[in-house]
1. Among the residues of the range B:110-127, is any in a helix (DSSP H, G or I), touching an Asp or Glu at 6+ places or on another chain (Cβ under 9 Å) and open to solvent by less than 20 Å² (accessible area, probe 1.4 Å)?
2. Within the range A:185-197, identify whether any single residue is touching a Phe, Trp or Tyr at 6+ places or on another chain (Cβ under 9 Å), crowded, with 20+ Cβ neighbours inside 10 Å and assigned to a helix (DSSP H, G or I), and answer yes or no.
3. Test of understanding: among B:TYR77, B:TYR27, B:TYR47, which residue is of a type in the set (Ser, Thr, Tyr) and open to solvent by less than 60 Å² (accessible area, probe 1.4 Å)?
4. Give the range A:71-124 a look and list any residue that's within 16 Å of ligand 2 (Cβ to nearest atom) and of a type in the set (Asp, Glu), or say none.
5. Report, by residue number, each residue of the range A:34-89 that is of a type in the set (Val, Ile, Thr) and over 24 Å from A:ALA146 (Cβ atoms).
6. Filtering the range B:70-105 down to residues that are touching a helix residue (DSSP H, G or I) at 6+ places or on another chain (Cβ under 6 Å) and β-branched (Val, Ile, Thr), which residue is farthest from B:SER257 (Cα to Cα)?
7. Given A:ARG253, A:ARG227, A:ARG238, A:ARG216, which one is among the basic types (Lys, Arg), modelled with pLDDT of 85 or more and part of a helix (DSSP H, G or I)?
8. What is the number of the single condition among (1) in a loop (DSSP other than H, G, I, E, B); (2) of a type outside the set (A, V, I, L, M, F, W, C); (3) open to solvent by 40 Å² or more (accessible area, probe 1.4 Å) that A:GLU233 does not meet?
Amino acid sequence: MRIDIDRVSKTYQAGTGMKITALDSISLRVDSGEFICIVGPSGCGKSTLLKLIGGIEQPDAGAVRCDDVPVGAPSTDRGFIFQDYALFPWLTVRQNIAFGLTIKGCSRQERKLRIDEYLRFMGLTGAGSLYPGQLSGGMRQRVALARALCLRPKLLLMDEPFAALDVLLRQRLQEELVRIWQTERMTYLLVTHDVEEALFLADRIVIMSPHPGRIRSILPIKLARPRRRTSAEFIHLRQHIMQLLEVGTAEAREERTAALVLP
Amino acid sequence: MGVERQAQAVLPLGWKNAKKRKRATAYAVRTASVLLFLLAWHVLVHYNIQYPLQFGNLPKPLDILGAWRVDLMKQQYYNDILASVFRVAAGILLGLAFAVPLGLWIGLSPRASDLLFPNLELFRPIPLIAYLPVAMLLFTTIESSIIFITFVGAFFPILLCCRDAARQVPQSLVQAAHCLGCGPIRVVWKIYLPAMAPGIFTGLSVGIGASWMGVITGEMMSGQTGIGYATWQAYHLLDYNESIIGMFSIGLLGYASSALVRAVERTVIRWK
Ligand SMILES: Nc1ncnc2c1ncn2[C@@H]1O[C@H](COP(=O)(O)OP(=O)(O)OP(=O)(O)O)[C@@H](O)[C@H]1O
Ligand SMILES: [Mg+2]
């Protein structure tokens, strides 16, 4: 699925009546089948951008188009993985995965086949009758992935999907994600705090800066896959992106101070 | 090696025994406390103690137990209980039917909250017994006015718990459901109600207590049947045994109904 983000702005009204510009005239084009990672300091509007593409929130100005169709409401074409996984605690793993399929009106037989397929794919066989409260963080993450993927979306939006996991598990799931992406070949947009994660996953890295939320730079990553985190190139690039991030935050801070001083 | 394995085998067994003994002690203490209460009661009545309270006027516990045994053979006793149980059940079901949708609506829409809540807050502090005159005016039969009182008792606790539960449903669950193709009406059934279920049960267990309060009030004031009516009637007929049997029957029924709510809750909410 191709995404066109055209001069999109979004402001929030804070409780005190103050306006927060979460996104300030953002433009971005994502090609079909691309893996995009969005990095940036906290509060730069990464989640907001993802929600606008998902149709969960509406922009104040500008437009988001997916395959030339303006985004209005959420759709099953665009899968969304929430930061807290948002699994339904009253449903078992199987029922969670079945949720979207049932609404879609899949026959019982087809549903069973699809669920079994994804349970196997995610290494969750045997966990089907457990409730989310009985799962480990990594398993929850995979259930959320299975629940979104079994609807065969054309685009997958992920908001810091691995933030709550330990390093080893995170690296394993990153490898799995690349494997899934390479087999299913759809468009991936992933938000992260972790520069290394972005470097390991992305075709292009979008670096954002806060106050107001803007795209600072877009970096194509030409490293061959599978990538090695210890290669000299990898480490060099990581250094480079870290620098870009630091400069971006410092500049934003200066601008804000200047705005405070000048009338 | 052999000794070690033996030790391992013995240890959990001893531990289990200790646990069993602990539970047995707990039960013994509880039984002793009830027996002690009955004994104190018996002694107070037997020696006709009139100070600080007129304990001597009460019937003796053993006489009551004897009379209760006779009651248990009589159809009338069960008819009274059934009449009250039916009224409480009707009140609870009506309470659920009205309070759950209203609580959900008030919880989700600030406009609904502004519109309805001032009125509801006005009625909520009114004790159930004070609803009785209006109930008598509004309804043609005594039966329906008693059911109305039990309904009012169940309504407010369920309403408040539902409102709070609706506000606490995580937005990410609702958004996730939308992203999985769930429309705005189906979200109520598939997300809000199951997410609110624990809150609804909290309201229900408070509400069922209030409903019993309501039914006994209604029956004592205006009923012709029911366990509350029987208790009050017996007092007027100077049959104090029966009054006290009625009192304890009401206590047991209240206890049984909260146990029932808890049992239903455990079967419905399996994920906790
Ligand atoms: N519902 C909301 N109401 C008010 N302000 C909001 C809301 N959602 C986001 N904001 C504000 O918009 C800005 C961007 O928020 P957003 O959640 O998109 O940041 P983020 O880049 O995802 O941050 P993080 O990395 O901490 O998750 C923040 O300043 C935040 O305070
Ligand atoms: Mg965020």
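The values are calculated or read from the model by the stated rules, or taken from the named source; none is laboratory data. Just so it is clear, the structure is predicted and the values come from calculations on it, not from any experiment. Please note: Cβ atoms are built from the backbone with ideal geometry, for glycine as well, and neighbour counts cover all protein chains shown. For accessibility, only protein heavy atoms count, side chains too; no ligands or nucleic acids. Shrake-Rupley method; radii C 1.70, N 1.55, O 1.52, S 1.80 Å.
1. Looking only at the range B:110-127, we keep the residues that are in a helix (DSSP H, G or I), and these are B:110-123.
Imposing the further condition that a residue be touching an Asp or Glu at 6+ places or on another chain (Cβ under 9 Å) reduces the set to none.
No, because not a single residue in the range B:110-127 is in a helix (DSSP H, G or I), touching an Asp or Glu at 6+ places or on another chain (Cβ under 9 Å) and open to solvent by less than 20 Å² (accessible area, probe 1.4 Å).
2. Here is the first cut: in the range A:185-197, the ones touching a Phe, Trp or Tyr at 6+ places or on another chain (Cβ under 9 Å) are A:187-190, A:192, A:194, A:196-197.
Subset that is crowded, with 20+ Cβ neighbours inside 10 Å: A:187-190, A:192, A:197.
Add one more test, that the residue is assigned to a helix (DSSP H, G or I), and what stays is A:197.
Looking through the range A:185-197, at least one residue is touching a Phe, Trp or Tyr at 6+ places or on another chain (Cβ under 9 Å), crowded, with 20+ Cβ neighbours inside 10 Å and assigned to a helix (DSSP H, G or I).
3. Values: B:TYR27 fails: open to solvent by less than 60 Å² (accessible area, probe 1.4 Å); B:TYR47 fails: open to solvent by less than 60 Å² (accessible area, probe 1.4 Å).
Result of the check over B:TYR77, B:TYR27, B:TYR47: B:TYR77.
4. Pass one, the range A:71-124, residues within 16 Å of ligand 2 (Cβ to nearest atom): A:80-86.
Residue satisfying the conditions is A:ASP84 alone.
5. Let us first name the residues in the range A:34-89 that are of a type in the set (Val, Ile, Thr), namely A:36, A:38-39, A:48, A:53, A:56, A:64, A:69, A:71, A:76, A:81.
Correct list: A:VAL39, A:THR48, A:VAL64, A:VAL69, A:VAL71.
6. Once the filter is applied, the top-ranked residue is B:VAL100.
7. Working: A:ARG253 fails: modelled with pLDDT of 85 or more; A:ARG227 fails: part of a helix (DSSP H, G or I); A:ARG216 fails: part of a helix (DSSP H, G or I).
Result of the check over A:ARG253, A:ARG227, A:ARG238, A:ARG216: A:ARG238.
8. Unmet for A:GLU233, out of (1) in a loop (DSSP other than H, G, I, E, B); (2) of a type outside the set (A, V, I, L, M, F, W, C); (3) open to solvent by 40 Å² or more (accessible area, probe 1.4 Å): (1).
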